[in-house]
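The values are calculated or read from the model by the stated rules, or taken from the named source; none is laboratory data. If you're wondering where the values come from, they're calculated on a predicted model, not measured in any experiment. Please note: Cβ atoms are built from the backbone with ideal geometry, for glycine as well, and neighbour counts cover all protein chains shown. We work out accessible area using only protein heavy atoms, side chains counted, and drop any ligands, DNA or RNA first. Shrake-Rupley method; radii C 1.70, N 1.55, O 1.52, S 1.80 Å.
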Amino acid sequence: MQTGPEIRHSLCRMCDDRCGIDVHLEDGRIVDILGNKEHPWNRGRLCVKARAAVDMIYHPDRVLTPLKRTADGWEQIPLDQALDEIAGRLADVRDRYGARSIGVWKGEAIGFGQQETVARRFAHALGSPNYLSNDSMCYVGRYMGFTLVDGAWPIPDLENARCIVLWGANPPYAHPNMTQYITAARRKGATLVVVDPRMSAIARRADIHAQVRPGTDGALAWGLVRQFVEMDAYDKDFVEDHTIGFAKVVDYARTFTPEMVEAETGLPAATVKAMARMMADAAPRMAAYVGNGLEHHENGVGNIRAIAMIDGLLGALDREGGTLFKEPAPLRDLTLYDEMPLRHLSPLGTDRFPVLYDMRQECHTMTAMEAILSDEPYPLRALVMTGANPASTNPNSPKVLEALRSLDLLVVRDLFMTETTAVADYVLPAASFLERTELHAHAKHQIVSLTDKVVSWSDVQGEYDFWHDLAVRLGIGEYFPWEDETALNRWLLEPTGLSLETLEAHREGVEYSPPRVGRRRQAGFDTPSGKVEFASAYLKDLGYDELPVYHRPAYRREPDAARPFVLMTGARKLLYLHSRFRNIPRFRTAIPGPEVEMHPDDAAALGVADGDTIRLTSPIGAVDLPVKVVAENEILPGNLQVTHGWREANVNLVTHDDRFDPVSGFPLMKSIEVSVQKV
Amino acid sequence: MRIVAVDPDACVACRDCEYACAFRQSGDFARSASHIRVNFYADERACVPLTCMHCEDAWCLAVCPAAAIDRDPGTGAVTIDATRCAGCKMCLLACPYGNIHFNAETGVSAKCDLCGGDPMCVRACISGALRYVDAEELADLRREVVDASLKRLLRLSKGVR
Amino acid sequence: MHVVIVGNGAAALSALESFRGHDRDSRVTLVSGEQGPAYSRVLLPYYLRRRLSRDGLFIRRADDYARLGAATEFGVRAEGVDPARRVLELADGRRLGFDRLLIATGSSPMRPPIPGLDGAGVHTLWTLDDAVRLDSVFREGARLVVLGSGFVALQAAWAARQRGLQVSVIELLDQILPRVLDPAAAQILSERLHACDVEVRTGTRAESVETDRGGRVRVSTSGGDRLPADAVIVATGARPNDQLLPECLEPDRPGIPVADTMETVVSGVYAAGDVTRGPTARGGPREIHALWPTAVEQGRVAGANLAGAGRSYGGSLSMNVTEMFDLTVASLGQFVEDEGDDVFEEHDRGGIRYMKIVTRAGVPLGAIAMGAPEGAVLLGRLRPFVRHRRALPDLPAFLAREDLDGRLAHRSAAKERTSCASLQ
Ligand SMILES: Cc1cc2nc3c(=O)[nH]c(=O)nc-3n(C[C@H](O)[C@H](O)[C@H](O)COP(=O)(O)OP(=O)(O)OC[C@H]3O[C@@H](n4cnc5c(N)ncnc54)[C@H](O)[C@@H]3O)c2cc1C
Ligand code: SF4
């Protein structure tokens, strides 16, 4: 194609942040990707992951034709044949075991936007309640914690805050351009507190780095609550008008003296007090953000709820410089939950984790493995996945593989062959974010935008085309009446009053409604009571703690003498996202491989140095990794950290798929007791 | 002219800038190929980005015995003409900030050239610590940083009173 | 005002540019004994190594002088100065009046008192003409004897080896690069020379050189050997071209002494570059620092003061970097310790084979680094401390800071060559 140089505006989906990008093309081929200076989120700046999308898209290992497993290995087959065969085998499973024996699973690997709802719709149309996703291990724990308290997960108004508190979050690596907003606030004099057992990148800039023991954040939160009460520093009007359960909170907080908090978290009592004063002084312009670091614990939701209470106590909710409630984009809903409730069909995991389904209409992927292997409570025999790699990213990988292998049918759509495709029956090429047409909503700015197909390959289908084609073959085509992605997008967009053409002319996004601060204070919060719920009757009814009671992590409650180290997993690295991008050579140059971060004292005691291999063993399994001795203040003695997603050293060989947060069902992945041997 | 202003008070040493620069120089992410360099000192939690300041009175330029270093008329950048550079390394010794690097592969010195007026390090800086600004604005930026630090100190001292 | 600059090298050019920064209008004439626009002496070995073409040696174009508003008299030597009349006497008999004068005549290779050095097979490496002549002598397989083992000598030797000559180096003292490297550094370099098949004879005096009718040469040494060769390069040092104005010299001391302003004792007459004995950064008696950067610095000050800017020179700090036999050798200030100095020494840090820093009371005085080019960068970082006599109490910490993440090791390990890669 001789089209010369061209620039197309789009959004980056190398992570979840959707930074505005300018895609530079040369005769139809992408040559570079730079930040779109017009985009309100990133303002021209981009992390280097985005630029490497070029490497990803044209990677020689891309799966670009459908593959079928045969006795002799993978066979390339035409797309139509693949869809016919898959539909046929799905129909068999449906006939034999019923529709609910078929599940759909979305992952992160292609950077889903609104298109996950297409997969949900498919499952519903088919009559299966079994929608699974990576969200049940990332994000939903926080969504729940905040939603239970505030009725939604509000967005911190970082740039207008006078004090920013990050709990277990490291924006420079996890949400890179969020860092700009922190800088903007700090340039106006805002203070920064980072609560993290590790000195993360952002902790390097913190005025207070609260280096708490993993999983003890709740104790700190309650300690702060107690301080605010003691100091008489809480917002009495807000508490009076907009919250329920305050008296119980005061009562429960009493024991969380700074000294008790010090004993539990390891943070000096004086720091607890200083932190409380700093936050109170800034209130209500105190903006807190909770990261993934708090979710993977047995007390995750409780800790997050306790932290969420602070926003209410300090009157920072629904206030400029505090946290803001954004209006969701008024797009049409593709899912069919209202039309066809499927709860009665017992979505997997609902019995044990009802809140997960109530709030997210998601199944529990961890116990789903058990269900697959045992056919209890009923058989799940076929899975169709897009961009998911649970064999690497779910806890207890060997069990995941065993379960997936035992399926009658596993179809994986992805960009590359993965640990999970290794046990698939069919592998279909998936469309990367520059190979499909999609609508996006950016809640922070309340904008919708449209991204377009920039490159195309003959056998690579976008989400809509795939599910549509499959649905037609399975006789449920009436649920997918739109001719193509564009027609679907037009339909979705209708209620906004915006046209696709408008979005095409404004790739940086168009505001769907102006931000309104204070609306929840007027109209009430989206909780059952309409108030900010420090105490939750809903949870109480389900048999959970009414208050976000602090439960000590197991390693503190009843330490296992045989496993004296506490392993955290999953800290984000700048260049990798879960199990993605390990095949991009230039990333490997920069970060060549896995390592276990270790305190120098521990290294000395074990007699190991950088590069030595050690074995970590948990009740689930063992993994060997090279040691990286970090600086004294970068990790606490006795703690270890390993980032997941490495094929050559998969830390999910030791993570728990048998110990969960009771509310969210999140697995224990960030305070795992392990033993360490030099090998 | 515009230069890359660095604000250590905003830097988190993520090294996006280094990778972006290395990529432009070499097509790969070896940090050693980068002309901007971020040092992180864990003890002090200090992050220090260092990159050429395109000094008004550039010593490297004056000293180059091959007259290979010159000022780009468009951007004002102090640039090395690789075709003229003999690889004598005088400039490495001349730069008091260590901002000139030697490319052993090609045998010539190399340094920041402001990417012809759109520095990739700045485009990759997600904290905003790097800004491509008019040299005259530098004093204002510095004042802004100092003011903010003072304000924070005040808040901190309240925090610990 | 008419300003006359004698010379067309580092000092003269830097002075001309600096002068024009202060004075756009005055008349300037630049006189040089050599032809054409300026070339760079420093680059001559690179030309012999075929790293640069002859064109690549030129650092100014003819129109650069016009752009700077300087009339040029190329190819005309200045013979003398009449300070009373303020006239410069040229070799062609012309007399050039001046208001202010800069002497930037550089230096010339020294000819030691060895019989036979005027023979046809004996060369120096100092001027473009020298280099062009040597280029035709550098034939593969030819034999070369280099007298002296200073930087110029060894660069010539390296170039010759790279061109496939057989090379012997004769040094009177018992280490190579005497006064220029300390024994440890000299040892590393000697080993490298050895590995590159350069014959090194230290503690050896060349007694005489004979050139036969066929142009072949024999060098007789104090050891009693007679070394046959196709050519000899004499590189035993340089002396300043300071005879233009004997009035400003001190008896029996080479080099024109200058004040901090670069002015000589004759008012309105300045000197800069190799020809001067000037103030040094560390104070004490004036010294000749016959180095390119010093010439540039001095030229700048002199140029400004020719325009009446009243600039004062902070004194020269010797800094040198050369690549020889694939080893980067960088040095700075005083790197040989005196009584009472402290020495910090390190071996094999990343690609840096040897590094030594001399300090006194915590203040770095000088340093030397051999091996990877990064050594020069490190020395560059040290330079402000040496120059401004700033204390650096925790040297190891400073170095660790400069090389936090092993960037040095990372970069150089891959690149360090253990043998004579450039010869293969
Ligand atoms: C082979 C070689 C390699 C070198 N390598 C290095 C190095 O790596 N690093 C380093 O720092 N230094 C090096 N030097 C030394 C460096 O070149 C000198 O220190 C520097 O050139 C001095 O500059 P200058 O202007 O004082 O003199 P020069 O550059 O020598 O210029 C003197 C000028 O004066 C002219 N001139 C002389 N006498 C008269 C006269 N009577 N009338 C008219 N014109 C006259 C000459 O033609 C010439 O143009 C090297 C020198 C040589 C020869
Ligand atoms: S932060 Fe980086 S990976 Fe994430 S969307 Fe922005 S540029 Fe892409």
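Taking only Cα atoms of region C:122-234, what ratio of Rg to Rh do you get with Rh as the Kirkwood inverse-distance radius?
The Rg/Rh ratio comes out at 0.95.
Gain on full extension, evaluated as 0.36 nm per residue between A:Thr70 and A:Ile7 minus their Cα-Cα distance, stands at 18.4 nm. Spatially, region C:106-154 and region C:8-44 are offset by 27 Å when compared through their Cα centroids.
Listed cross-link partners A:Lys188/A:Lys248; A:Lys678/C:Lys356; A:Lys326/A:Lys670; A:Lys188/B:Lys111; A:Lys37/A:Lys573 are compared with a 27 Å cut-off, the Cα-Cα value being larger for A:Lys188/A:Lys248; A:Lys678/C:Lys356; A:Lys326/A:Lys670; A:Lys188/B:Lys111.
Return the tail of the calculated pair distribution for region A:485-538, meaning the percent of Cα-Cα pairs more than 14 Å apart.
Values: 982 of 1431 pairs.
Beyond 14 Å sits 69 percent of the P(r) for region A:485-538.
Convex hull volume of the C-alpha atoms in chain A, normalised per residue: 152 Å³. Ordered by 1.4 Å accessible area with all protein chains kept, C:Phe385, A:Phe238 run largest first as C:Phe385, A:Phe238. Could you pull out which residues in region A:407-427 have an amide N less than 20 Å from a spot 7 Å beyond the Cα of A:Arg588, following the Cα-Cβ vector? Residues passing the 20 Å test: A:415-422. Computed over every Cα-Cα pair of region C:62-210 and binned at 5 Å starting from 0, the pair-distance distribution P(r) comes out as 2, 7, 13, 16, 14, 11, 8, 9, 10, 7, 2, 0 percent.
If R0 is taken as 51 Å, the Cβ-Cβ distance between A:Ala604 and C:Glu191 corresponds to a FRET efficiency of 0.85.
In region C:314-333, burial by the other protein chains removes 50 Å² or more of accessible area from C:Met319, C:Val321, compared with the chain on its own (1.4 Å probe, ligands and nucleic acids ignored). Residue order by solvent-accessible surface for C:Arg383, C:Arg311 is C:Arg311, C:Arg383, largest first, with ligands and nucleic acids left out and a 1.4 Å probe. For region A:555-678, the gyration tensor built on C-alpha atoms gives an oblate shape. Its axis ratio a/c (a ≥ b ≥ c) is at least 1.5, and a/b is not larger than b/c.
Over all other residues within a Cβ to Cβ distance under 15 Å of B:Gly117, the charged ones net out to +2, with Lys and Arg as +1 and Asp and Glu as -1.
Per residue of A:174-187, count partner chain C-beta atoms within 10 Å of its C-beta, then hand back the mean as an integer.
Details: counts 0, 1, 7, 3, 2, 10, 6, 2, 4, 11, 2, 1, 10, 11.
Partner-chain Cβ atoms within 10 Å, mean over residues of A:174-187: 5.
Placing one equal scatterer on every Cα of region A:332-392 and applying the Debye formula, the log10 ratio I(q)/I(0) at q = 0.12, 0.27, 0.28 Å⁻¹ is -0.34, -1.27, -1.29. Computing FRET efficiency as 1/(1 + (r/R0)^6) for C:Asp63 and B:Ala139, where r is the C-beta to C-beta distance and R0 is 56 Å, gives about 0.90. The packing ranking of peptides A:627-636, A:472-481, highest mean first, is A:627-636, A:472-481, where packing means the average number of other beta carbon atoms within 10 angstrom of each residue.
Here's the picture: charge each Lys and Arg Cβ at +1 and each Asp and Glu Cβ at -1 in region B:1-120, and of B:Ala58, B:Thr83, B:Gly116 the one pushed furthest to the positive end of that dipole is B:Thr83. Mean per-residue shielding of peptide A:47-60 is 3, counting Cβ atoms of other chains within 10 Å of each Cβ. Under a model in which nothing but the beta-carbon of Lys, Arg (+1) and Asp, Glu (-1) is charged, region B:94-151 shows a dipole of about 220 debye around its Cα centre. Surface burial for C against B, with a 1.4 Å probe and both sides summed, reaches about 3400 Å² of accessible area. Sorting the segments C:124-130, C:353-359, C:109-115, A:34-40 by their residues' average number of neighbouring beta-carbon atoms within 10 angstrom, most packed first, yields C:353-359, A:34-40, C:124-130, C:109-115.
Take every pair of alpha-carbon atoms less than 8 Å apart whose residues are at least six positions apart; their mean separation over the length of region C:249-310 yields a relative contact order of 30 percent. Pair-distance distribution of the protein assembly as shown: all C-alpha pairs, bin width 10 Å, starting at 0; shares per bin in whole percent are 2, 8, 15, 18, 16, 12, 10, 9, 6, 3, 1, 0. What a 1.4 Å probe finds exposed on chain A is 49% carbon and sulfur by accessible area, rounded to a whole percent.
At 1.4 Å probe size, with no ligands or nucleic acids counted, give the accessible surface of A:Arg647 in Å², nearest ten. Around 150 Å² of this residue is reachable by solvent.
To the nearest 0.05, how large is the calculated FRET efficiency for C:Ala259 and A:Asp16 if R₀ is 60 Å and r is the Cβ-Cβ distance?
Numbers: r = 68 Å, r/R0 = 1.14.
The value I calculate is 0.30.
Report the net charge of residues surrounding A:Met199, where surrounding means a beta-carbon distance below 13 angstrom and charges are Lys +1, Arg +1, Asp -1, Glu -1.
Numbers: positive: A:Arg198, A:Arg204, A:Arg205, B:Arg45; negative: A:Asp196, A:Glu597, A:Glu632, A:Glu634, B:Asp43, B:Glu44.
Residues near A:Met199 contribute -2 overall.
Of all the options C:Leu392, C:Leu379, C:Leu134, the one that moves most in a Gaussian network model of chain C with Cα springs shorter than 10 angstrom is C:Leu392. If the viscosity is 0.692 mPa s and the temperature 37 °C, what translational diffusion coefficient in µm²/s does Stokes-Einstein give for region C:240-351 when Rh comes from Kirkwood over Cα pairs? In µm²/s, the coefficient is 209. Spatially, region C:306-360 and region B:102-161 are offset by 31 Å when compared through their Cα centroids. Straight Cα distances below 21 angstrom link A:Lys273 to the lysines A:Lys236, B:Lys151, B:Lys158, with same-chain residues fewer than 8 positions distant left out.
Both numbers refer to the Cα atoms of region B:54-111; Rg and Dmax are 10.4, 30 Å.
Using a probe of 1.4 Å, the accessible surface attributed to A:Asp351 totals some 130 Å² when neighbouring protein chains are kept in position.
Chains B and A together bury some 3900 Å² of accessible area, summed over both sides, with a 1.4 Å probe.
Relative contact order, percent, of chain C when contacts are C-alpha pairs under 8 Å separated by at least 6 residues? Don't jump to the answer; show the numbers that get you there.
Numbers: 957 pairs, mean separation 62.4, N = 424.
Here the relative contact order equals 15 percent.
Note on A:His59 and A:Ser456: their simple-model spin labels are 2.4 nm apart, each label 7 Å out from Cα toward Cβ.
Give me the 1.4 Å probe accessible area per residue for chain B, excluding ligands and nucleic acids, in Å². Show your work: numbers first, answer last.
Working: 6190 Å² over 161 residues.
Result: 38 Å² of accessible area for each residue.
Which values, in whole Å and largest first, are the semi-axes of the equivalent ellipsoid of region A:78-225 obtained as the square root of 5 times each eigenvalue of the Cα gyration tensor? Before the final figure, lay out the partial values.
Details: eigenvalues 377, 62, 38 Å².
Rounded to whole Å, the semi-axes are 43, 18, 14.
Computed over the alpha-carbon pairs of region A:66-127, the distance histogram in 5 Å steps reads 4, 15, 17, 19, 23, 16, 5, 1 percent, short to long. Here the contact order of chain A, divided by its residue count and restricted to Cα pairs under 8 Å and six or more residues apart, works out to 18 percent.
Placing pseudo-labels 7 Å out from each Cα toward the beta carbon at B:Glu105 and A:Lys573 gives an inter-label distance of 2.2 nm.
Taking the solvent-accessible surface of protein heavy atoms with a 1.4 Å probe, what is the per residue accessible area of chain A in Å²? Please list the in-between numbers first.
Working: 22120 Å² over 679 residues.
Result: 33 Å² of accessible area for each residue.
Taking C:Ser318, C:Ser136, C:Ser40 in turn, the Gaussian network model of chain C (Cα-Cα springs below 10 Å) assigns the largest fluctuation to C:Ser136. Taking 0.692 mPa s as the viscosity and 37 °C as the temperature, the Stokes-Einstein diffusion coefficient of chain C based on its alpha-carbon Kirkwood radius rounds to 143 µm²/s. Shape class of region A:5-57 from the alpha-carbon gyration tensor: oblate, with a/c at 1.5 or above and b/c at least as large as a/b.
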